[in-house]
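> Quick one: the structure is below, and I'll ask about it shortly.
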Amino acid sequence: MKRQVPIFLVFLCGLTMVIQFFVPHDYSDVLFQYANDFVIVIGILALPVGIYSLMKNTVNKAMRDPKERIFSALTILGFLVMIVAGLKREWFASSTSLSSNMFNYVLVPAQATLFSMLAFYIASAAYRAFRARTVLAAVLLVTAFVVMLRLIPLPEPVATWNAEFVRWILEVPNMAAKRAILIGVALGAITYSTKILLGIERAYMGTD
Amino acid sequence: MAERKSKAWYDRMLSVDRRWIYLIMGLAVVVPVIWEMYIPVTESSEVRDVYEFSDDVTDGEIVLLAIDYDPSTMAELHPMTEAILRQVWRNGGRVLLSSLSQFGPAMADEILTRIAGEMDVEYGVDYVFLGYKPYPAITILAMGADFRVPFPTDYYGNNVDELPMMEGVHNFDDVEGVIALASGTAADYWITYGNAKYGVPVALGVTGVMASDYYPYLQSGQLFGLIPGIKGAAEYEQMAGIRGEGARGIPYQTTSHAVILFFIVMTNVAFFARRAAQRRR
């Protein structure tokens with residue numbers, strides 16, 4: 001019963017949504033809207049679970065390792081400040097609010113800095129790993145070199161030749177590989193979804 | 001010391017301390033700060049298609065601009081937002097904005113406040129910002145039914161029905177198309193649900209590393225245009241006659257890529273020199 005009821009519910013909901021997708025009728029739209037609202041409600045109900053999990057892991061980490069305490073305290077502090085700052089719409093939908101200031105002067109620089117560090121890691125990785133050790137590695141190397149060369153100002157007609165060649169790389173070999181992957185992923189997703197609907201795949205229910 | 005002297009030049013090059021690499025890269029990024037330069041870019045057809053689409057949004061027509069990126073990709077995608085807003089408003093078009101990224105609204109609000117003030121456009125008449133909603137797929141599907149379903153009020157708490165621009169504007173049938181500026185999976189959702197289910201023309205502005213993933217959709221016609229990374233933003237600005245952050249970002253990208261290319265050449269020269277020396281031995 002513990003397993004059969006969820007499997008039946010998944011089958012029923014899944015099949016209903018599959019049929020709904022292909023039926024262009026007002027009733028179908030109403031059903032779809034109702035299902036969407038249901039997903040949002042479930043998401044909202046799952047939010048406290050996520051918050052509890054975050055707090056529990058943060059506190060546990062701080063208890064285990066004293067060196068982690070400062071980071072755990074910052075996590076909890078940041079969490080609480082942003083909750084308070086966003087409690088009322090006028091508190092966050094104003095460019096001078098605490099929420100906006102935290103966003104513009106803490107989050108934006110922090111994310112931008114972390115992302116820009118990639119330039120250094122990529123440069124180091126390119127130097128250490130981008131070596132033509134085999135024929136396939138050489139092909140990859142030459143392709144990457146040509147594609148990157150497009151970002152460097154080159155004299156004409158080399159710039160035009162390079163641009164055309166890069167376009168060919170993107171539209172022919174790149175696209176062939178991407179299409180193959182996309183079709184493979186799509187077929188895999190259909191197969192996996194069908195297995196879930198039919199109750200063959202049950203990993204989503206956990207092991208208990 | 002004796003061991004260092006006995007090391008061949010290629011061995012020293014292949015085992016160079018990574019801090020030298022970081023230093024050279026740091027200098028490459030600093031150079032354009034000291035010497036300001038303008039580097040013209042070669043225009044591509046995928047960016048031109050987006051430019052021409054935006055250029056045709058005139059006389060009160062509406063384009064839906066989706067701000068689906070976060071601050072980590074702001075450097076690449078924010079210039080696109082700015083250029084598109086300027087171009088559409090310059091031609092008398094109107095812009096409906098939404099966000100599927102939780103960090104999108106603050107960035108959208110910042111850019112709207114700044115550019116709307118400069119271009120003398122009015123909120124609720126020339127543009128409306130619907131705000132953010134979670135669950136991208138559900139939000140896009142609901143927008144296809146009616147914008148009021150996921151967004152009964154706008155970002156600022158106004159009832160959408162009370163905004164003059166929204167009169168008679170219900171779903172994707174009432175906009176010319178969607179330009180989604182996305183740094184994550186929202187781009188895929190716009191293709192899968194916006195274009196495939198509702199048939200709304202979709203163009204994407206994405207980061208440089210994401211661009212190659214979307215060329216298949218461009219060829220299949222599921223996307224009518226693509227703006228790839230900061231170079232795409234610079235191309236767009238060049239076409240629109242705007243000197244913005246895209247053009248200003250190109251020198252940084254150029255010097256840093258030149259350094260990476262230099263590293264690739266040097267490491268391979270050293271690698272083949274060592275291999276040749278090993279064969280001779």
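> Compute for chains A and B the buried accessible surface, both sides summed, probe 1.4 Å, and express it in Å² to the nearest 100.
4900 Å²
> Could you give the spread of the C-alpha atoms of region B:110-268 along their three principal axes, from largest to smallest, in whole angstroms?
Cα spread of region B:110-268 along its principal axes, largest to smallest: 62, 37, 26 Å.
> Okay, moving on. How big is the dipole moment of region B:87-178 about its Cα centre under a simple scheme where the beta carbon of each Lys and Arg is +1, that of each Asp and Glu is -1, and everything else is neutral? Debye, nearest 20, please.
300 debye
> Let me ask you something else. Okay, helix-only estimate at 222 nm for the protein assembly as shown: each DSSP H run of n ≥ 4 adds -39500 (n - 2.57), divide by all residues, round to 500 deg cm²/dmol; what do you get?
Value at 222 nm, helices only, nearest 500: -20000 deg cm²/dmol.
> A follow-up question, please. Leaving out same-chain residues fewer than 8 places away, which lysines sit with a Cα under 24 Å from that of B:LYS133?
In chain and number order, the partners are A:LYS88, B:LYS197.
> Normalised by the number of residues in chain A, what is the relative contact order in percent for Cα pairs under 8 Å and 6+ residues apart? It would help to have the intermediate numbers written out before the result.
Numbers: 65 pairs, mean separation 40.1, N = 208.
Relative contact order of chain A: 19 percent.
> Roughly how compact is chain B, stated as its Cα Rg over 2.2 N^0.38 Å to two decimals? Intermediate results must be reported in sequence, preceding the final value.
Values: Rg = 23.3 Å, N = 281, 2.2 N^0.38 = 18.7 Å.
Taking N as the residue count of chain B, the ratio is 1.24.
> If you don't mind, another one. Just in region A:62-127: which trypsin sites (Lys or Arg not before Pro) are loop by DSSP and have at most 14 other Cβ atoms within 10 Å?
Here the trypsin sites (Lys or Arg not before Pro) that fit, given the DSSP loop and packing criteria, are A:LYS88.
> Name the helices (complete DSSP H segments) of chain B with a Cα length along the long axis of 18 Å or more and a Kyte-Doolittle mean of at least -0.5, or state none.
B:18-34, B:74-90, B:104-119, B:245-280
> Same structure again: Could you tell me which of B:PHE103, B:VAL125, B:VAL88 has its Cα farthest along the dipole of region B:30-171 towards the positive end, charges placed at Cβ (Lys, Arg +1; Asp, Glu -1), taken about the Cα centre?
Highest projection toward the positive end goes to B:PHE103.
> Quick check on region A:1-87: what does the Kirkwood estimate of hydrodynamic radius come out to from the alpha carbon pairs, in Å?
16.8 Å
> How much of the DSSP beta bridge set in chain B is antiparallel, as a percent to the nearest 5? All intermediate terms of the calculation are to be shown ahead of the outcome.
On the way: 1 of 24 bridges.
Among the beta bridges of chain B, antiparallel pairing accounts for roughly 5 percent.
> On a 1.4 Å probe surface of the protein chains, which of B:GLU46, A:GLU201, B:GLU167 comes out largest in accessible area, and what is the full order?
B:GLU167, A:GLU201, B:GLU46
> Let me ask you something else. Calculate the translational D of region B:86-195 in whole µm² s⁻¹ from Stokes-Einstein, where the hydrodynamic radius comes from the Kirkwood formula applied to all Cα pairs, the temperature is 37 °C and the viscosity 0.692 mPa s.
Working: Rh = 14.3 Å.
Rounded, D is 230 µm²/s.
> Taking only the alpha carbons of region A:111-208, what extent do you get along each of the three principal axes, in Å, biggest first?
63, 34, 32
> Using +1 at the C-beta of Lys and Arg and -1 at the C-beta of Asp and Glu, which of A:ALA132, A:TYR204, A:PRO157 has the Cα lying farthest in the positive direction of the dipole of the protein assembly as shown?
A:ALA132
> Okay, moving on. What's the longest piece of chain B with no exposed chymotrypsin sites (Phe, Trp or Tyr not before Pro), counting a site as exposed if DSSP puts it in a loop and it has at most 12 other beta carbons within 10 Å?
B:39-281
The values are calculated or read from the model by the stated rules, or taken from the named source; none is laboratory data. Note that this is a predicted model, so its numbers are computed, not measured. Glycine also receives a Cβ, built like all others from the backbone with ideal geometry; neighbour counts cover every protein chain displayed. SASA here: full protein model, heavy atoms, side chains in, ligands and nucleic acids out. Shrake-Rupley method; radii C 1.70, N 1.55, O 1.52, S 1.80 Å.
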